[in-house]
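Just below is one structure, and these are the notes that go with it.
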Amino acid sequence: MRYFIYLCCTVLAFYGGSASADSSSDKKSNIAIVISKDAHQRIQFGAEKLAEALNKAGYKARVQQQNKFPSRNNTILITEKSQAQAGQLLKQSGIAVANLDHKEGFSISTSSNNRATIVGSDVTGALYGCLELVDQVNATGKLPQNLTLNDHPEMVLRGTAIGLQKPTELPGRGMYEYPYTPEDFPWFYDKELWIQYLDMLVENRYNSLYLWNGHPFSSLVKVKEYPYALEVSEETFKKNEEVFRFLTAEADKRGIWVIQMFYNIIIPKPFAEKHGLATQDRNRPIIPIIADYTQKSIAAFVEKYPNVGLLVTLGEAMEGRGQDDVDWFTKTIIPGVKDGLKALGTDIQPPIVLRAHDTDADIVMKESLPIYKNLYTMAKFNGEALTTYTPRGSWAELHRELSRIGTVHVQNVHILANLEPFRYGSADFIQKSVQAMHEIYESNAIHVYPQASYWDWPYAADKAKNRLLQVERDAIWYKAWARYAWNSRRDRSKEVTYWSDQLAGTFGATPQAAENILKAYEETGEIAPKLLRRYGITDGNRQTLTLGMTMTQLINPFRYNLFTMLYESEAPEGEMIIEYAEKEWNKQKHIGETPVIVAEEVLVHGRKAIEAIEAASAGVSKNKDEFERLKNDVYSYNELAAFFSAKVEAALSILRYKYSDDISDLERALPLLEKSVVHYRKLADLTKDTYLYANSLQTKHRKIPMRGVDATYKHWVEVLPVYEKELEHFRRSIDSLKNPSNNKATAKVIRYRNVPVTVLNKRPEYFTVEKNAKVYSDTTLKIEEFASEIAGLKGLKLSKRDQIKNGTTIEFTSAQPVKVLVGFFNEKNPGLLTPPDLEHDVSANDFGQSEIKIANALLASSFAPVNIHSYSFPKGRNKLTLAKGACVIVGFVDANDQVRLYDAGIGVKGYKKDIDWLFE
Ligand code: GTR
């Protein structure tokens with residue numbers, strides 16, 4: 001009772017104070033922020049934030065929970081449409097209820113004397129109304145008077161991603177297998193950091209947070225029937241429960257759905273060991289015990305965390321596309337969720353987002369919608385990179401197809417493999433990208449990855465005394481996507497002012513300096529997208545663009561498994577380097593964005609960015625260290641652009657030689673290649689003391705420009721010698737060509753050598769790689785031509801029909817380490833085995849098989865030429881399992897054979913000689 005009286009007095013005193021104070025709006029006054037006694041926690045949160053902002057601005061504001069909503073001076077009233085007070089407030093304030101039709105919308109009406117009303121169309125809308133006022137108070141230092149504002153977000157889901165993943169694999173574990181433990185993810189247990197991150201999200205009006213992990217369930221729930229599946233200690237399990245509860249509750253307060261992502265099919269290590277299974281195996285059919293375990297763990301998860309959604313990747317660890325995906329989703333995952341809901345006694349369905357990655361999402365959706373309503377789809381915006389805001393082709397069609405299902409389709413701004421590690425803040429590029437999401441992809445939701453260092457969350461790659469946090473360093477990245485997800489139709493000239501104001505705040509900069517900083521961001525913001533889409537091998541994180549590319553990657557991209565969708569869908573119409581060279585030679589007309597145009601444009605972007613950042617320098621008074629780092633990034637981008645520009649020009653001259661046979665074409669290329677190395681050296685100098693690495697994925701999955709196994713070739717300083725050597729080699733090759741007596745002027749042939757193996761398959765048959773040999777036991781397909789390197793190898797003659805129906809399994813023993821050479825037909829056709837593809841299957845290099853060893857190495861009858869890949873095995877007993885589809889087992893060779901990687905051009909029409917040897 002005493003407490004109650006005390007409370008009344010304080011409220012009265014507070015109120016009395018405000019009533020007797022000068023009520024003119026300019027004067028800082030006492031302000032009561034009134035919310036109802038049963039106000040939702042999001043409204044409470046919004047009201048508190050508003051009070052904080054007002055107090056910072058010099059007012060004395062206080063939140064009061066009461067059911068009377070008095071209309072008087074110095075009072076802010078907050079509610080949401082369905083609350084008891086809403087009708088009265090709408091009438092008093094003149095807010096039209098029709099303005100509150102959109103999810104998460106709000107109306108604000110303020111008049112003089114610090115009177116304000118905020119009504120949300122729902123509780124999140126009311127929260128956003130509060131935050132809108134917070135922004136205005138922060139920007140102007142006072143509560144706006146006579147304001148009428150209605151707003152709502154354009155995109156319905158606006159989220160960010162955090163990976164519970166690491167730059168390298170854990171010992172003894174496969175890709176994505178990272179149990180949640182304090183040892184591996186100390187930041188996960190850091191509540192302050194979570195609050196900082198969640199506050200950033202809500203300030204930017206994000207309403208979803210996705211946590212990415214291979215198989216999170218065995219870190220977060222116990223399954224009664226499978227107690228041994230738990231992957232963490234009891235102590236860690238308790239901590240995980242606690243943190244996950246804390247996180248989901250704090251997120252909910254801020255109107256944020258936590259959505260847990262997982263890959264399929266991955267099982268926990270202890271479970272796998274107990275049942276003698278692999279934790280993941282792409283070629284494994286659905287096994288009942290795995291299905292039962294997964295269904296039960298999903299049920300346990302849903303029961304325990306009813307406010308958490310699921311993001312499902314059907315693929316990577318499951319064979320390609322097909323019925324298995326449908327079955328797994330409709331017979332295991334959805335039933336698991338439903339079991340959980342049943343146990344909870346609720347029918348409120350949490351959202352399930354289905355990724356269209358390595359899956360025919362439209363087919364899966366068709367089968368699933370009849371049994372579960374709250375479904376969403378998600379697909380990558382520009383692959384695993386940022387390349388264009390004019391996407392087109394088959395990828396754009398897929399997006400539209402998913403959007404047209406009628407459920408919400410989410411744009412996944414996935415790993416930004418071409419933006420790592422430099423700062424990115426082109427508001428212009430981002431705004432246009434979001435517009436493309438609506439106009440070209442017809443979608444209405446977004447999910448944004450960290451700008452760089454996804455695999456190294458929460459840190460950025462900068463080499464700083466104390467490691468920088470991404471949430472701070474890349475604030476502009478999060479802000480820009482969110483701002484345009486809220487409204488993509490903002491007027492560009494006003495946007496320049498908006499961002500300049502923001503940057504003026506960040507760097508204590510003069511308006512002119514701030515505008516120049518924005519300019520530097522926007523000019524550099526064009527460089528990486530243009531370079532990748534015009535010269536790159538892949539949109540995936542198999543390539544780290546900022547480390548550059550080797551010459552053979554530029555002049556012979558097919559040898560490196562060119563991912564053609566990059567050019568067909570994720571770039572404006574234009575030409576690749578090899579197409580341009582061919583057309584030039586044939587004097588054909590060029591179309592669209594050419595390699596030459598980009599080589600020129602990136603130089604201009606680099607120059608303009610440097611001019612802008614240098615002009616800004618004198619006008620910066622705050623955060624000077626960060627400004628210097630940004631400036632260094634601008635210099636780095638400029639060197640990267642100059643490196644590529646010179647190297648591509650060299651490449652075009654070298655490709656001309658392919659047609660002309662004229663050594664002067666090579667001689668013309670030499671100074672250009674020298675120039676590119678000079679710029680790369682500068683890039684290495686600029687990054688030497690400023691960056692720890694370029695790419696945060698530091699495993700064998702990284703291939704371009706160099707293999708990334710065991711965290712190697714991750715820094716420019718390490719890659720520089722590769723380009724220096726390449727230049728030296730080229731110089732010597734020209735000398736050799738000029739001196740015909742020098743027999744080193746063509747590539748030397750080194751042959752693969754057979755090694756003895758005992759094949760344990762039933763009645764194995766063999767063939768020898770020679771003209772007219774039959775490669776299958778049940779077809780007449782005969783070898784027509786082959787590369788000298790594979791002559792005489794002993795291949796395995798299998799049944800093609802059986803390969804198509806059941807896939808290929810070879811069990812064998814050998815007394816020494818061995819590589820199995822597997823030939824993949826160079827054609828996309830349902831009956832043919834698809835080559836290893838790191839863009840969709842992260843296990844595609846587990847045996848070193850992802851790279852083509854000899855392209856177009858063999859031609860059999862009228863079939864497409866065959867590319868050879870190799871699978872490495874240790875000595876002893878081994879098993880090679882390949883998915884369904886025809887391929888040729890060309891031989892078992894010595895694991896130490898180092899045959900030059902190249903394109904033999906066998907069976908390729910119009911093939912012009914191999915010139916890769918000039919560089920390696
Ligand atoms: C792969 C990529 C992985 C992961 C995966 C995905 O191609 O290498 O790092 O991002 O795609 O989309 O889940």
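The values are calculated or read from the model by the stated rules, or taken from the named source; none is laboratory data. Note that the structure is predicted; figures quoted are calculated from it, not measured. Reconstructed Cβ throughout: ideal geometry from the backbone, glycine too, with neighbour counts over all protein chains shown. Remember, those area values only see protein heavy atoms, side chains included, never the ligands or the DNA or RNA. Shrake-Rupley method; radii C 1.70, N 1.55, O 1.52, S 1.80 Å.
Summary of computed values
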| item | result |
| --- | --- |
| Selection status of residue 337, part of a strand (DSSP E or B), within 28 Å of residue 447 (Cβ to Cβ) and in the same structural domain as residue 212 (by TED's automatic domain parsing) | no |
| Residue within the range 230-246 that is of a type in the set (A, V, I, L, M, F, W, C) and in a loop (DSSP other than H, G, I, E, B) present | yes |
| Selected residue [among the aliphatic types (A, V, I, L, M) and modelled with pLDDT of 95 or more] from 348, 298, 286 | 298 |
| Selected residue (criterion: farthest from residue 418 (Cα to Cα)) from residues of the range 371-395 that are open to solvent by less than 10 Å² (accessible area, probe 1.4 Å) and either in a strand (DSSP E or B) or more than 16 Å from the ligand (Cβ to nearest atom) (or both) | 372 |
| Given (1) under 27 Å from residue 395 (Cα atoms); (2) away from the ligand (no atom under 16 Å from the Cβ); (3) not aromatic (Phe, Trp, Tyr), index of the condition residue 282 fails | (2) |
| The range 809-828, subset under 34 Å from the mean Cα position of the chain (by Cα) and within 21 Å of residue 895 (Cα to Cα), residue nearest to the ligand (Cβ to nearest atom) | 824 |
| Selection from the range 238-276 of residues that are farther than 20 Å from residue 176 by Cβ and open to solvent by less than 60 Å² (accessible area, probe 1.4 Å) | 241, 243, 246, 247, 248, 249, 250, 251, 252, 254, 255, 256 |
| Identity of the residue in the range 696-710, within 11 Å of the ligand (Cβ to nearest atom) and of a type in the set (S, T, N, Q), that ends up farthest from residue 423 (Cα to Cα) | 699 |
| Breaking point among (1) more than 21 Å from residue 683 (Cβ to Cβ); (2) under 23 Å from the mean Cα position of the chain (by Cα); (3) among the hydrophobic types (A, V, I, L, M, F, W, C), for residue 549 | (1) |
| Criterion violated by residue 210 - all others in (1) open to solvent by 10 Å² or more (accessible area, probe 1.4 Å); (2) within 16 Å of the ligand (Cβ to nearest atom); (3) in contact (Cβ under 8 Å) with a residue 60 or more places away in the chain satisfied | (1) |
| Enumeration of residues in the range 625-658 that are in contact with a strand residue (DSSP E or B) (Cβ under 7 Å, 6 or more places away or on another chain) and either surrounded by 24 or more Cβ atoms within 10 Å (Cβ to Cβ) or not in a helix (DSSP H, G or I) (or both) | none |
| Set 553, 512, 588, 502: member being without any contact (Cβ under 8 Å) to a residue 60 or more places away in the chain, more than 16 Å from the ligand (Cβ to nearest atom) and more than 30 Å from residue 440 (Cα to Cα) | 588 |
| Condition met for residue 423 (open to solvent by 10 Å² or more (accessible area, probe 1.4 Å), away from the ligand (no atom under 16 Å from the Cβ) and touching an Asp or Glu at 6+ places or on another chain (Cβ under 9 Å)) | no |
| Residues of the range 158-173 satisfying the condition of being open to solvent by 10 Å² or more (accessible area, probe 1.4 Å) and in contact with a helix residue (DSSP H, G or I) (Cβ under 9 Å, 6 or more places away or on another chain) | 166, 167, 168, 172, 173 |
| Hey, residue 399 assigned by TED's automatic domain parsing to the domain that holds residue 360, surrounded by 17 or more Cβ atoms within 10 Å (Cβ to Cβ) and part of a strand (DSSP E or B) or not | no |
| Residue count for the range 829-871, restricted to those that are crowded, with 22+ Cβ neighbours inside 10 Å and more than 16 Å from the ligand (Cβ to nearest atom) | 14 |
| All positions within the range 320-334 that are free of Cβ contacts under 8 Å to residues at least 24 places away in the same chain and either closer than 12 Å to residue 298 by Cβ or not assigned by TED's automatic domain parsing to the domain that holds residue 351 (or both) | none |
| Tally, over the range 350-370, of residues that are away from the ligand (no atom under 15 Å from the Cβ) and either part of a loop (DSSP other than H, G, I, E, B) or open to solvent by 10 Å² or more (accessible area, probe 1.4 Å) (or both) | 9 |
| Members of the range 171-187 that are on the phi < 0 side of the Ramachandran plot, part of a loop (DSSP other than H, G, I, E, B) and not hydroxyl-bearing (Ser, Thr, Tyr) | 171, 173, 174, 175, 177, 179, 182, 183, 184, 185 |
| Residue in the range 632-641 that is at negative phi, of a type in the set (S, T, N, Q) and over 26 Å from the mean Cα position of the chain (by Cα) present | no |
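Every residue, every condition in (1) surrounded by 14 or more Cβ atoms within 10 Å (Cβ to Cβ); (2) closer than 28 Å to residue 555 by Cβ, yes or no:
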position: 716; (1), (2): yes, yes
position: 756; (1), (2): no, no
position: 770; (1), (2): no, no
position: 774; (1), (2): yes, no
position: 779; (1), (2): yes, no
position: 787; (1), (2): yes, yes
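Per-residue answers, yes or no, for (1) without any contact (Cβ under 8 Å) to a residue 40 or more places away in the chain; (2) of a type in the set (S, T, N, Q); (3) open to solvent by less than 20 Å² (accessible area, probe 1.4 Å):
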{"position": "666", "(1), (2), (3)": "no, no, yes"}
{"position": "670", "(1), (2), (3)": "no, no, no"}
{"position": "675", "(1), (2), (3)": "yes, no, no"}
{"position": "684", "(1), (2), (3)": "yes, no, yes"}
{"position": "710", "(1), (2), (3)": "no, no, no"}
{"position": "724", "(1), (2), (3)": "no, no, no"}
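Each row is one residue, and each column tells you yes or no for (1) modelled with pLDDT under 95; (2) among the acidic types (Asp, Glu); (3) under 52 Å from the mean Cα position of the chain (by Cα); (4) not assigned by TED's automatic domain parsing to the domain that holds residue 252.
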residue	(1), (2), (3), (4)
8	yes, no, no, yes
25	yes, no, yes, yes
32	no, no, yes, yes
41	no, no, yes, yes
46	no, no, yes, yes
53	no, no, yes, yes
56	no, no, yes, yes
63	no, no, yes, yes
